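Read through the structure below, which is laid out as structure tokens, and then see the notes.
Throughout, read-outs are computed from the coordinates displayed, never taken from laboratory work. Keep in mind the model is a prediction, meaning the values are calculated, not measured. When we count neighbours, we look across all protein chains shown, and the Cβ atoms used for this are built from the backbone with ideal geometry, even at glycine.
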Amino acid sequence: MILNPKIMRSRRWISSVVGIGTLCLLATSAIASRSAVQDRVFTLADVQRLNHEGGTIPLNINEKVVAELNRYVGTPEGRKYIKNGLRRMEIYRPLVEAAVKNHGAPIELMAVPLIESGYIDYIGPNSYGAGLWSFIVQTARRYHLTVDGHTDDRLDEVKETEAAMEYLADLFGYFHDWRLALKAYNEGEGHVKALIKEYDSEDAWELEDLAESKEHYLAKFTAAALILRNPSLVK
């Protein structure tokens, strides 16, 4: 069968239109997908407005904090994690608030279990830390928690919470700065002492930058503390 050239051109034109339409559809789907993944984006100015005055631990707002806050509340996965963590936090709120008060510690420390465990009191397979406060074995034993083949006191929320308050209080007593104490809680006090000596700085944020911290623990903590101050962010 001999095809008419006009029909051939017409078919090529239709194919081109269909192709362009398909590309537009794919582009629209990609945009929709990105919107589903991250449908709230806070700017630096937005986050600065969220940082109400008050509290014991200064919440420095910078681009790293903005990135972590967007990860926590700007994505479905982040909001799910934070919302579930806040829901579980209410179960432990009386215990943790009492321990914080008894040790004269900042209430912002309630954000630590939120980022460490999502307020889940368990140890997973191959987990390095355990319990609400994600204590490693060495730290747990230093603070008189039993961890052996039969008993793991890290899973006793009362014992581990008390141990965590003692540990954080000791860190603050040494560094005299809650941000350094939090950095040491995550990285170990020996490592933070070495960083202070190496870079001749006791500014926790400066050490984060100079040492090129990849975990951004201070940013995660600050974002979580902002969420505790502004729980409507995840509603």
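What the Cα convex hull of the range 120-165 gives, in volume per residue, is 64 Å³.
Kindly provide the trypsin sites (Lys or Arg not before Pro) of the range 179-217 that DSSP labels as loop, not H, G, I, E or B, and whose Cβ sees at most 16 other Cβ atoms within 10 Å.
Working: sites: R179, K183, K193, K197, K214; in loops: K214.
Passing sites in the range 179-217 are K214.
Compute the length gained on full extension between D203 and Q138: take 0.36 nm times their separation in residues and subtract their Cα-Cα distance, giving the result in nm to one decimal. If you can, show how the numbers build up before the last one.
On the way: separation 65, 0.36 × 65 = 23.40 nm, distance 2.69 nm.
Going from the current span to full extension adds 20.7 nm.
I'd like the distance between the alpha-carbon centres of the range 187-207 and the range 92-149, rounded to an integer number of Å. Cα centroid to Cα centroid, the span is 23 Å.
Classified by the C-alpha gyration tensor, the range 119-210 has a prolate form. Its axis ratio a/c, with a ≥ b ≥ c, is 1.5 or above, and a/b is larger than b/c. In order along the range 137-143, phi translates into HN-Hα couplings of 4, 4, 5, 4, 5, 4, 9 Hz, rounded to whole numbers, per the Karplus curve 6.51 cos²θ - 1.76 cosθ + 1.60 with θ = phi - 60° and x for Gly and Pro.
For the range 162-235, just say rounded, prolate or oblate: build the C-alpha gyration tensor, square-root its eigenvalues into a ≥ b ≥ c, call rounded for a/c under 1.5, and beyond that prolate if a/b exceeds b/c, oblate if not. It would help to have the intermediate numbers written out before the result.
Numbers: a/c = 2.54, a/b = 1.42, b/c = 1.79.
The shape class here is oblate.
Once both labels are positioned 7 Å from their Cα atoms along Cα-to-Cβ, the gap between K83 and H150 label points is 4.4 nm.
Report, in listed order, any pair from K193/K220; K101/K214; K197/K220; K64/K193; K83/K193 with a Cα-Cα distance greater than 27 Å. Can you show the working numbers first?
Working: K193/K220 21 Å; K101/K214 32 Å; K197/K220 25 Å; K64/K193 23 Å; K83/K193 35 Å.
Checking Cα-Cα distances, K101/K214; K83/K193 exceed 27 Å.
Database remark: amide H of F135 closer than 5 angstrom to the amide H of A130 (H placed geometrically; neighbours at sequence offset of 5 or more, or on other chains; Pro and chain starts carry no H). 3J(HN,Hα) along the range 77-92: 5, x, 5, 4, 4, 5, 4, 5, x, 5, 5, 5, 4, 4, 5, 9 Hz, from the Karplus curve 6.51 cos²θ - 1.76 cosθ + 1.60 with θ = phi - 60°, whole Hz, x for Gly and Pro.
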